[in-house]
Amino acid sequence: MIKQILGRLPRKPGKAGDSREAAAAGNGTEPSNSYSVARSMDPGNKRAGNGDYPVPSGVIPNPVMNGAVVYHSNEPLPAFKDVPMSEKQNLFVKKVSLCCAVYDFVDPTKNLKEKEVKRQTLMELVDYVASANGKFSEVVMLEITKMVSINLFRSSSPTPRENKAIEGVDLEEDEPLMDPAWSHLQIVYEVFLRFVASQETDAKLAKRYIDHSFILRLLDLFDSEDPRERDYLKTILHRIYGKFMVHRPFIRKAINNIFYRFIFETEKHNGVAELLEILGSIINGFALPLKEEHKLFLVRALIPLHKPKCVSMYHQQLSYCITQFVEKDCKLADTVIRGLLKYWPVTNSSKEVMFLGELEEVLEATQLAEFQRCMVPLFRQISRSMNSFHFQVAERALFLWNNDHIETLIKQNYKVLLPIIYPALERNSRDHWNQAVRSLTLNVRKIFSDHDSTFFGECVQRFSDEELKQAESDSKRDAMWKRLEEMGASKPGGNHPLGAPNGKPSHAAG
């Protein structure tokens, strides 16, 4: 009891304590009496600048905190198990402050001792945050977010994967750029992930430090070429979205802006797939009826994401997001299908195969009324795909009839759709070079023939009549050209171009 009373009495601060209290007051937070606050980045702290303490070699100035250089003791701090419970948070803050030192990992021979001390300290922080059994104070939140900012928010010049896809580089063979500092960065990400996910982190307090500016800088890191970093960022941002409800609209808007810039300006970004993966989970949790904001996001961002040449890098995640919208609100199927037709590839066969696969997923969630609104332009495109000389495109289009739901929709509207696609079926069965495509075509013909043989016969007759008309038209045209050639040859100077009869040169008007 006496110890508890004495612990509440204000301690007489030293010089370092004065600067800490001043810094805490400047940030609007009251310093705790139970432990000291390490403020290595404050202007009043000599260790934050180059004043009386020289910067050791290998310690990198970080631009996150106004260009200040963080310098800490090279000696490790005591372990948590070696201090009493009342001092553990104080020690935690000191360890977090020690981890604010940033070292040069390009040269693996520099600062080996300091790097190892920092790595061991980060591992201790992971264990402490994971096993915390009391609410984190605001000062702890401040120090953790500051340490995370110093270590993670660094300048880089990534080479976007999408840019490589456009240039024809085989991305599976091309090695991604791995950050040499990952041995430390990974543990920093792990500390922050456990801090965000911890039940001891009060979102109402933490939102002051994990604010809009912090989230924007976190989103900037998604452009990293290191896939390990993007994977951590994906998990962390999803946790932040789930925990900080107040930030949800801002996060969605910020992701939208990244997509707009990618689609309409740069077509270069490494993290589109990861951002879409997060959005897939977010869309799955949208309440019904869908807000107008969410529908606009579908129309203005997700559907135009089919436009870039590098869509193959993120198409799987994009297709999932699109399908989620249709499953949430079946009335959006017409909008989605017409959007796909708008961006349908003309000369890119592999992209067309992806579009056909996505189209099948969308149609599987489409109801009859929405299907009827868009079926005519849709099956005009499908018939063109069926006649593609690229056998994979033709196969993928014909595979649509293997889906029971899609087959049912087609049979319910066969009198409209069969006249559209029958010419493609007939041309395939006669002329297509691929045996598999011809076999699939005959199967589709049999489906229609078995469903309504009378109407199928009418379509056959109609196609035959149109072929005869076309043959007569071609014959008349050929005969006319032949007569013109004969007339030109029978006249003097007939070997000259038609524009110069009788061998006289024609003169342009004026």
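Specify which of the listed residues (Arg427, Arg384) is in contact (Cβ under 8 Å) with a residue 40 or more places away in the chain and either within 22 Å of Tyr343 (Cβ to Cβ) or within 29 Å of the chain's Cα centre (by Cα) (or both). I'd like the intermediate steps shown before the answer.
Values: Arg427 fails: either within 22 Å of Tyr343 (Cβ to Cβ) or within 29 Å of the chain's Cα centre (by Cα) (or both).
One residue alone meets the criteria, Arg384.
Checking the structure you have, find out if any residue of segment 107-116 is within 31 Å of the chain's Cα centre (by Cα), free of Cβ contacts under 8 Å to residues at least 60 places away in the same chain, under 15 Å from Ser183 (Cα atoms) and assigned to a loop (DSSP other than H, G, I, E, B). Spell out how you get there, then give the answer.
Initial filter on segment 107-116 (within 31 Å of the chain's Cα centre (by Cα)): none.
No, that holds for no residue.
Taking the stated definitions as given, is Val102 touching a strand residue (DSSP E or B) at 6+ places or on another chain (Cβ under 8 Å), β-branched (Val, Ile, Thr) and closer than 22 Å to Met178 by Cβ?
Values: touching a strand residue (DSSP E or B) at 6+ places or on another chain (Cβ under 8 Å): yes; β-branched (Val, Ile, Thr): yes; closer than 22 Å to Met178 by Cβ: yes.
In short, yes.
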Members of segment 391-417 that are buried (at least 19 other Cβ atoms within 10 Å of the Cβ), touching an Asp or Glu at 6+ places or on another chain (Cβ under 9 Å) and either within 16 Å of Thr366 (Cβ to Cβ) or at pLDDT below 95 (or both): Leu400
Count of residues meeting criterion [surrounded by 15 or more Cβ atoms within 10 Å (Cβ to Cβ), not polar (S, T, N, Q) and not in a helix (DSSP H, G or I)] in segment 432-445: 1
Top-ranked residue of segment 362-380 - restricted to ones that are within 21 Å of Lys295 (Cα to Cα) and β-branched (Val, Ile, Thr), ranked as surrounded by the fewest Cβ atoms within 10 Å (Cβ to Cβ): Val362
Ala369 being small (Gly, Ala, Ser) and free of Cβ contacts under 8 Å to residues at least 12 places away in the same chain: yes
Test result for Gln392, of a type in the set (S, T, N, Q) and touching a helix residue (DSSP H, G or I) at 6+ places or on another chain (Cβ under 7 Å): yes
Candidates Glu466, Glu486 - the one that is within 52 Å of the chain's Cα centre (by Cα) and either within 20 Å of Glu360 (Cα to Cα) or not in a loop (DSSP other than H, G, I, E, B) (or both): Glu466
Residue within segment 327-348 that is modelled with pLDDT of 95 or more, assigned to a helix (DSSP H, G or I) and touching a Ser or Thr at 6+ places or on another chain (Cβ under 7 Å) present: yes
Any hit, segment 284-294, residues being at pLDDT 95 or above, of a type in the set (A, V, I, L, M, F, W, C) and either closer than 29 Å to Glu200 by Cα or in a helix (DSSP H, G or I) (or both): no
Output for segment 78-99, where each listed residue is surrounded by 13 or more Cβ atoms within 10 Å (Cβ to Cβ) and either out of contact with any helix residue (DSSP H, G or I) (no Cβ under 9 Å at 6 or more places or on another chain) or within 14 Å of Ile187 (Cβ to Cβ) (or both): Glu87, Asn90, Lys94, Lys95, Val96, Leu98, Cys99
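Looking only at helices (runs of 4 or more DSSP H) that fall completely inside segment 198-266, which ones have 2 or more residues that are over 24 Å from Tyr128 (Cα atoms) and over 14 Å from the mean Cα position of the chain (by Cα)? Break it down into steps so the answer makes sense when it comes.
Numbers: elements: 203-206, 212-220, 227-243, 248-261.
Those helices (runs of 4 or more DSSP H) span 212-220, 248-261.
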Among (1) buried (at least 20 other Cβ atoms within 10 Å of the Cβ); (2) over 16 Å from Leu219 (Cβ atoms), the one test that His294 misses: (1)
Flag for Ala68 being modelled with pLDDT of 85 or more and within 23 Å of Leu185 (Cβ to Cβ): no
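Restricted to segment 315-361, and to residues that are of a type in the set (Val, Ile, Thr) and buried (at least 22 other Cβ atoms within 10 Å of the Cβ), which residue is farthest from the chain's Cα centre (by Cα)? Please lay out each step first, then the result.
Here is the first cut: in segment 315-361, the residues of a type in the set (Val, Ile, Thr) are 322-323, 326, 335-337, 346-347, 353.
Still in the list and also buried (at least 22 other Cβ atoms within 10 Å of the Cβ): 322, 326, 336-337.
Details: Ile322: 13, Val326: 19, Val336: 18, Ile337: 21 Å.
Here the residue is Ile337.
Looking at segment 419-431, which of its residues are crowded, with 21+ Cβ neighbours inside 10 Å and more than 19 Å from Arg373 (Cβ to Cβ)?
The initial filter retains those residues of segment 419-431 that are crowded, with 21+ Cβ neighbours inside 10 Å, namely 421, 424-425, 428.
Residues satisfying the conditions are Ala424, Leu425, Asn428.
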Cβ-Cβ under 6 Å pairs, at least 6 apart or on other chains, segment 297-321 side farther than 17 Å from Ile255 by Cβ, far side hydrophobic (A, V, I, L, M, F, W, C): Lys309/Ile166; Cys310/Ala165; Cys310/Ile166; His315/Met354
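The values are calculated or read from the model by the stated rules, or taken from the named source; none is laboratory data. Only a predicted model underlies this, so the values are computations on that prediction, with no experimental measurement involved. Every residue, glycine as well, gets a Cβ built from its backbone with ideal geometry; the counts of neighbours run over all protein chains shown.
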